[in-house]
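The values are calculated or read from the model by the stated rules, or taken from the named source; none is laboratory data. Predicted model, so just to flag it, every value in this text is computed and none were measured. FYI the Cβ positions are ideal-geometry reconstructions off the backbone, even for glycines, and counts take in every protein chain you see.
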């Protein structure tokens, strides 16, 4: 996948994202932390809206062969770009909320958030990639499930209500994560397998690509709601 995306692009986008997030969380000023979170969110949201509102309708008017050719060039890049932006946005946002003091009683909520993300995402990955019988998937799923539920069990006694806007944000981010990592990412992996098969089927590539473009638009709409929630959290209203 990285070879098709251009190794420099794939490695660069992941490295820059990780370094930016690590710096913002550990050494960056509040303003720098905010910038990293907001900029990653803008790139994530903008790309999803572009996929759904512009690319989707354009691709819909092409033949399977034409749309497959587009996705063969586009998918390897979005497979690295979008998860990287999502990671920086989500992790940067959670740590920023804690830093600003608007996320009280965070640990029990983060434990629930982790379990609500990891378990459905891994189940969907296993189902959509036909990996439920794969020992590697079973090990990862078992470790993630036991670990996340153990964290929930050890923190549930301290559970208290947090800021309502934070609750809304966690719910929306969970929906985005499950949709993104449980549906979009497996679709991109399936497209890659089809692209690299001995006899690629343009119809399969086109169908998955169109579905992902539509889901990207849905992601973008959820992200617009999330942005409104963040504005409300920051300023107490509109």
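Some points to look at:
- Subset of the range 92-141 [touching a residue at least 24 places away in the same chain (Cβ under 8 Å), in a loop (DSSP other than H, G, I, E, B) and farther than 24 Å from residue 43 by Cβ]: 104, 105, 129
- The range 103-137: number of residues that are closer than 22 Å to residue 36 by Cβ and touching a helix residue (DSSP H, G or I) at 6+ places or on another chain (Cβ under 6 Å): 5
- Test: residue in the range 32-42 that is assigned to a helix (DSSP H, G or I), more than 14 Å from residue 84 (Cβ to Cβ) and touching a residue at least 12 places away in the same chain (Cβ under 8 Å): yes
- Among the candidates 219, 211, residue that is more than 19 Å from residue 42 (Cα to Cα) and under 17 Å from the mean Cα position of the chain (by Cα): 211
- When the range 14-40 is filtered for residues that are under 25 Å from residue 70 (Cα atoms) and crowded, with 20+ Cβ neighbours inside 10 Å, only 40 remains.
- Being in contact with a helix residue (DSSP H, G or I) (Cβ under 7 Å, 6 or more places away or on another chain) and either modelled with pLDDT under 95 or buried (at least 21 other Cβ atoms within 10 Å of the Cβ) (or both) is a property that residue 70 has.
- In the range 47-61, the residue that is surrounded by the fewest Cβ atoms within 10 Å (Cβ to Cβ) out of those that are farther than 15 Å from residue 220 by Cα and touching a residue at least 40 places away in the same chain (Cβ under 8 Å) is 60.
- Filter pass, residue 28 being at pLDDT 90 or above, closer than 18 Å to residue 93 by Cα and not in a helix (DSSP H, G or I): yes
- Qualifying residue in the range 180-200 (condition: without any contact (Cβ under 8 Å) to a residue 12 or more places away in the chain and either in contact with a helix residue (DSSP H, G or I) (Cβ under 9 Å, 6 or more places away or on another chain) or crowded, with 19+ Cβ neighbours inside 10 Å (or both)): yes
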